[in-house]
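Here's the structure, in structure tokens; my notes come after.
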Amino acid sequence: MANIVLFGPPGAGKGTQAVRITESTGLPQVSTGDMLRAAVKNNTPTGIAARKFMDAGQLVPDQIIIDLIEQRINEPDAIDGLMFDGFPRTIPQAVALSKITQVSHVIAIEVPDEKIVERICGRFSCTKCAAVFHDIFNPTKVTGVCDLCGSSEMKRRADDNETTVLQRLAAYHEQTSPLAEWYEQQGILSRIDGDREINQITQDILAALIA
Ligand code: ADP
Ligand code: ADP
Ligand code: ZN
């Protein structure tokens, strides 16, 4: 069982890299952000409870997240491990995860704060296949058309605005970044410079996973 954690501030490129790592490793991507957005869209009790925190750029309470992960880990495709994207984000979440399964690699994608706002504010994704693009740094080949599936329905996230991003970044520094040291002490953390070309970052992550 090899579980991987992709760790980093909002906009670090976790989702972008996750898709590529899934192609190489076969490990299913588990994004708590995507799970929460689906719950909000479907108006489930979890979605209703989570929404106000997400809109404010604050972390959703730990127990909501831990419940989602416990369910996800019991699904059949989790048997050979999962790749967590945006989870855990607090020490209590990491402790809860350690009680249900083992993590073999934590990949910390490092991007300086001053780059985060421009990354987040230019982000958009395909409604159909969820591919992630950027107005300037990773545009579609044909304007408005998804490179992967050809759909022309693109969307932007409600929380991808400058005000909320600054709040999300503050939450990252206060509540999430201490986890890097927590995992470093366990000898499973690899720090990757995320302020480079997307392909170079993928290569370094894949190298770290076999090291
Ligand atoms: P990003 O990709 O920009 O880092 P995510 O899609 O991972 O953002 O998360 C969006 C929002 O969902 C967060 O701002 C937070 O409110 C909530 N969220 C996602 N994952 C977690 C988590 N593991 N713990 C607490 N809140 C979370
Ligand atoms: P996260 O999942 O960590 O929030 P994303 O993968 O959604 O981050 O990336 C945030 C935005 O930055 C997207 O618009 C994406 O296209 C863009 N991006 C991702 N990696 C890079 C990179 N290495 N250089 C420049 N822009 C990038
Ligand atoms: Zn698409």
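The values are calculated or read from the model by the stated rules, or taken from the named source; none is laboratory data. Model, not experiment: these values are computed from the prediction. Neighbour counts run over all protein chains shown; Cβ positions are idealised from the backbone, glycine included. Calculation scope for accessible area: heavy atoms of the full protein, side chains included, ligands and nucleic acids excluded. Shrake-Rupley method; radii C 1.70, N 1.55, O 1.52, S 1.80 Å.
Looking at region 138-160 only, could you name the residues that are closer than 11 Å to residue 120 by Cα and either free of Cβ contacts under 8 Å to residues at least 24 places away in the same chain or surrounded by 15 or more Cβ atoms within 10 Å (Cβ to Cβ) (or both)?
159, 160
From the residues in region 120-141 that are assigned to a strand (DSSP E or B) and hydrophobic (A, V, I, L, M, F, W, C), which one is nearest to ligand 3 (Cβ to nearest atom)?
Among those residues, the one meeting the criterion is 126.
Let me spell it out: the conditions are (1) in contact (Cβ under 8 Å) with a residue 40 or more places away in the chain; (2) buried (at least 20 other Cβ atoms within 10 Å of the Cβ); (3) in contact with a helix residue (DSSP H, G or I) (Cβ under 6 Å, 6 or more places away or on another chain), and residue 93 meets all of them except one. Which number is the exception?
(1)
Which one is farthest from residue 155 (Cα to Cα), of the residues in region 4-35 that are assigned to a strand (DSSP E or B) and polar (S, T, N, Q)?
Out of the qualifying residues, it is 29.
Considering every residue within region 98-112, establish whether at least one is within 16 Å of ligand 3 (Cβ to nearest atom), among the aliphatic types (A, V, I, L, M) and open to solvent by less than 60 Å² (accessible area, probe 1.4 Å).
No, the conditions are met nowhere in region 98-112.
Of all the residues that make up region 34-57, how many are in contact (Cβ under 8 Å) with a residue 24 or more places away in the chain, open to solvent by 70 Å² or more (accessible area, probe 1.4 Å) and in contact with a helix residue (DSSP H, G or I) (Cβ under 6 Å, 6 or more places away or on another chain)?
Total satisfying the criteria: 0.
Quick one: how many residues across region 60-119 are outside any helix (DSSP H, G or I) and within 15 Å of ligand 1 (Cβ to nearest atom)?
Residues meeting the conditions: 18.
Could we say that residue 63 is loosely packed, with under 13 Cβ neighbours inside 10 Å and within 25 Å of residue 164 (Cβ to Cβ) here?
Yes: the conditions hold for residue 63.
Is it the case, given these coordinates, that residue 19 is at pLDDT below 95, closer than 30 Å to residue 114 by Cα and within 16 Å of ligand 2 (Cβ to nearest atom)?
Yes: the conditions hold for residue 19.
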